[in-house]
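What follows is calculated from the coordinates using simple rules that are stated; it is not laboratory data. In this text, all values refer to a predicted model and were calculated from it rather than measured experimentally.
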Amino acid sequence: MTTTDSAAAQGQGRAAAWLAARPAPTGEGRWVLDPACGQSLGWVGFDDDQNVDRAVTKARATFEGASWRTLARRDRGRMMQRIAQVIDANRVELAALQSLENGKLFSESLADDLPDTAEVFNYYAGWVDKLQGDTNPMDGSLLNLTVREPVGVCALVVPW
């Protein structure tokens, strides 16, 4: 058994324990199946308008609240770096979950996807104290300013 096989087995065992501890299904949703063998991995519930509205309302309150607005940019960056650290620290379990759910090779998830995911958070963490407004040249006595302002809270549906 290779080191990768051992890590995959260990990660799958932890992932299976995590999935088994999930609450019983309620409401609408579907079972997620392991594409390799058809075994049930867990239940994914569907959200409805009310759940999305509650999540957006809570996120907006946080976004508009003083605790986030007054947080120093470097501290926001540290928070994003912390997300990257958590992804990296749990990469074996996350790779196992990804492989079980979509059939991707564990070694590919572990070596490519998870490091890339963590790196995205580190990359954007590095930008939080570097983005500023710009003054762009214009003809005559006109002034053109670029001001970067957050869009706010968004609810998105992604295809994966």
Descending semi-axes in Å of the range 56-120, equivalent ellipsoid built from Cα gyration tensor: 31, 14, 8
Counting only residues 5 or more places away or on other chains, whose amide H sits under 5 Å from the amide H of residue 32 once H atoms are built in the peptide plane? 41, 42, 43, 44
In sequence order, what are the phi-derived ³J(HN,Hα) couplings for the range 126-136 according to the Karplus relation 6.51 cos²θ - 1.76 cosθ + 1.60 with θ = phi - 60°, rounded to whole Hz, with x for glycine and proline? x, 8, 4, 9, 10, 7, 9, x, 10, 10, 9
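How big is the shadow of the Cα convex hull of the range 111-160, averaged over all directions, in nm²? Kindly include the intermediate steps, with their values, before the conclusion.
Values: hull surface 25.4 nm².
If you wrap the Cα atoms of the range 111-160 in a convex hull and average its projections, you get 6.3 nm².
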Kirkwood Rh over alpha-carbon pairs of the range 32-160 plugged into Stokes-Einstein at 10 °C, 1.306 mPa s gives a D in µm²/s of 86 µm²/s
Using θ = phi - 60° and the Karplus curve 6.51 cos²θ - 1.76 cosθ + 1.60, what whole-Hz ³J(HN,Hα) does each residue of the range 102-116 get, with Gly and Pro shown as x? 10, x, 5, 4, 4, 4, 6, 4, 5, 8, 10, 5, 5, x, 5
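Percent of alpha carbon pairs in the range 30-78 separated by more than 17 Å?
On the way: 731 of 1176 pairs.
Cα-Cα pairs of the range 30-78 separated by over 17 Å account for 62 percent.
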